[in-house]
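See structure below.
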Amino acid sequence: MKIQGLLSHLDGVKETGNGKYLARCPAHDDRSPSLSITECDGGRILINCFAGCPAIEIVEAVGLRLSDLCGDNRIAPRIKSDPERAMRLWNLAVPTISHPYLSAKKIKSYGLRGYKESLVVPVTLDKKIRSLQFIQPTGEKRLLKGRSTSERYIDIGKPTDHVWLVEGYATGASVYMATGKAVVVAFSARNLPVVTKHLVGNGMRVFVAADNDKAGQIASDGALAAGAKYSCWPDDVNDWNDYATNHDAESMSEVMYGA
């Protein structure tokens with residue numbers, strides 16, 4: 001393939017010289033261009049990630065093969081769908097039970113993976129991965145570029161008589177650890193009513209554990225209008241994960257159920 005065929009798959013491309021470019025590496029959560037791309041004699045393309053990502057992971061992250069860099073002038077097709085790219089990146093990650101973010105939030109990993117420094121959270125719909133959320137050790141969160149979480153979520157635990165619906169993973173893990181009831185993470189306040197409608201449409205009873213801010217309370221009202229049966233938010237702290245760091249599981253569960 002020609003070098004322009006590869007560059008068309010990348011973000012943040014900058015030309016640095018004749019046949020030389022920098023771009024954001026697609027194999028890790030690259031916040032500044034760290035991928036060097038060079039066109040050599042015969043049309044061969046050399047790639048090097050300064051963060052250390054192997055070449056095979058770089059090309060697979062954009063749906064290509066190493067052979068596509070060998071100068072035969074083919075232009076490989078883009079990945080056909082967002083879920084396909086998400087699955088490729090998910091398969092590059094490895095299951096993990098430890099990460100600085102988990103330690104800081106005092107929570108466990110429920111089906112999460114790790115890649116480089118990132119904690120990787122699957123964004124699903126009906127048990128199928130549609131996108132990914134990357135969480136840095138600092139707590140910074142990034143969604144797979146160009147992907148929406150609308151109607152998407154992640155499940156923690158198996159549903160019984162009801163499920164708790166929350167905004168973020170840390171809150172979801174805290175709620176599950178306190179109540180023992182299944183949790184659905186919607187990834188944002190604005191997604192709570194949308195996910196509620198989807199869950200109710202699948203016959204689930206939804207309880208909402210909203211964040212204690214204006215956006216959370218507005219979204220909680222929207223979720224109730226969409227069919228949720230109950231909602232609550234913590235007093236004096238921002239969310240239920242904050243509450244969990246200062247209270248034991250039994251007292252948190254009692255507060256959440258209004259005991």
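Please treat every number below as a calculation from the coordinates, not as lab data. Every value quoted in this text rests on a predicted model; they were computed, and no experiment measured them. Counting neighbours? That spans all protein chains shown, and the Cβs are built from the backbone with ideal geometry, glycine included.
From the list (i) 1.78; (ii) 1.29; (iii) 1.17, can you say which value of Cα Rg over 2.2 N^0.38 Å was derived from the structure given?
Read-out taken from this structure: (iii).
With charges only on Cβ, +1 for K and R and -1 for D and E, what is the dipole size of the chain about its Cα centre, in debye, rounded to 20?
Here the chain has a charge dipole of around 880 debye.
Using a Gaussian network for the chain with springs between C-alpha atoms less than 10 Å apart, which of these wobbles most: Asn241, Asn202, Asn48?
Asn202
Over the chain, calculate the relative contact order: mean separation of alpha carbon pairs under 8 Å at least 6 apart, over the residue count, as a percent.
Value for the chain: 11 percent.
Could you tell me which trypsin sites (Lys or Arg not before Pro) in segment 164-246 are loop residues by DSSP with no more than 10 other beta carbons within 10 angstrom of their beta carbon?
none
How far apart, in nm, are two points set 7 Å out from the Cα along the Cα-to-Cβ line at Lys214 and at Thr16?
With each label point 7 Å from Cα toward Cβ, the separation is 4.4 nm.
Need one number: nm distance between label points at Ser251 and Ser98, each 7 Å from Cα along Cα→Cβ, rounded to one decimal.
About 3.0 nm separates the two model spin labels.
Quickly estimate the mean residue ellipticity at 222 nm for the chain, helices only: each DSSP H run with n ≥ 4 gives -39500 (n - 2.57), and the total goes over all residues, rounded to 500.
The helix-only estimate for the chain comes to -8000 deg cm²/dmol at 222 nm.
Using a Gaussian network model of the chain whose springs link C-alpha atoms within less than 10 Å, name the residue from Leu119, Leu199, Leu132 with the highest mean-square fluctuation.
Fluctuation is largest for Leu199.
Report the Cα centroid-to-centroid distance between segment 158-175 and segment 187-204 in angstrom, as an integer.
Segment 158-175 and segment 187-204 have Cα centres separated by 12 Å.
Kindly express, to the nearest 10 degrees and within the range 0 to 90, the angle between helix 192-201's C-alpha long axis and the longest C-alpha principal axis of the chain.
Around 80 degrees separate the two axes.
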